[in-house]
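Here is the structure we will look at, set down as structure tokens.
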Amino acid sequence: MDRTRLFLGVILVVSLPPAVLFWLLIHPFARFWRGLGPRPSYIISGVLFILLGIALFRLRATIMGHDLGTNWALFLAGCILYLISARISVLTRRQLDNRTFAGVPEISPEESKGTLLKEGIYGAVRHPRYLAVMIGIAGYTMVVNYVGLYLLYLGSMAALLLVVIFEEGELEDRFGAEYREYRSRVPAFIPKMGSRTGDPRE
């Protein structure tokens, strides 16, 4: 079990910061990336992702810090959170085609207008993908249970909230009054009591 937790911890160290950094690079500078187009944008961000991942791998022991051991209560709670995250991800994925899921509308001048997602789970919360990440990575971190990963989680989630701020501005730039109206009635992360996803398959 200890080796498995160590392996899972290294995966988190190598992948989480680059993933958050990707969106921190995309949303504040969406117009710049649209000027380049999807292919150059993904090549540049992909290279940065790989280089950062390599650097993090070299620092993995320092980042992970002290091993708190296998805590079965945390393990169970973490698994429950991860399953909740998976459910949110499934509901979210139903609303997204592959190009939207990969973030192409944010960096493609031809697709930048697109369609504002307001149905299904997007009718309950504005940012279900980020909500799934916040819950899922919390559960993942509890399962792995290293001191440094809890700090990494807190730092990454703070950065993710910054991503949300930038994305909200970018969406308002793209959709204008339609997005402002949507934002005024749909909460960012916590659904209002009695709200439904509006998915007929529910």
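The values are calculated or read from the model by the stated rules, or taken from the named source; none is laboratory data. Being a predicted model, the structure only gives us computed values, none of them experimental. Accessible surface areas use protein heavy atoms only, side chains included; no ligands, DNA or RNA. Shrake-Rupley method; radii C 1.70, N 1.55, O 1.52, S 1.80 Å.
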Checklist outcome for this item: Counting only protein heavy atoms and rolling a 1.4 Å probe, one gets per residue an accessible area for the chain in Å² of 55 Å²
Checklist entry - What is the helix-to-structure angle for 2-26, meaning the angle in degrees between its Cα long axis and the longest Cα principal axis of the chain, kept from 0 to 90 and rounded to the nearest 10? => result 30 degrees
Checklist entry - Mind checking which of Tyr82, Tyr182, Tyr146 has the largest fluctuation in a GNM of the chain, springs on alpha carbons under 10 Å? => result Tyr182
Item to check | Under 5 Å, built H, 5+ apart or other chain: amide partners of Ala102 | outcome: none
Next on the checklist: Once neighbouring chains are kept in place and the probe is 1.4 Å, which whole percent of the accessible area of the chain is contributed by carbon and sulfur?
Outcome noted: 68 percent
Checklist entry - Between rounded, prolate and oblate, where does the range 30-151 land on the alpha carbon gyration tensor, with a ≥ b ≥ c its root eigenvalues, rounded for a/c under 1.5, else prolate if a/b exceeds b/c? => result oblate
Item to check | On Cα atoms only, tilt of 72-93 relative to the major axis of the chain in degrees | outcome: 20 degrees
Item to check | Distribution of pairwise C-alpha distances over the range 86-162, 5 Å bins, in % | outcome: 3, 13, 20, 19, 19, 13, 8, 4, 1
Checklist outcome for this item: If one builds a Gaussian network model of the chain from Cα atoms under 10 Å apart, the most fluctuating residue listed among Trp23, Trp72, Trp33 is Trp72
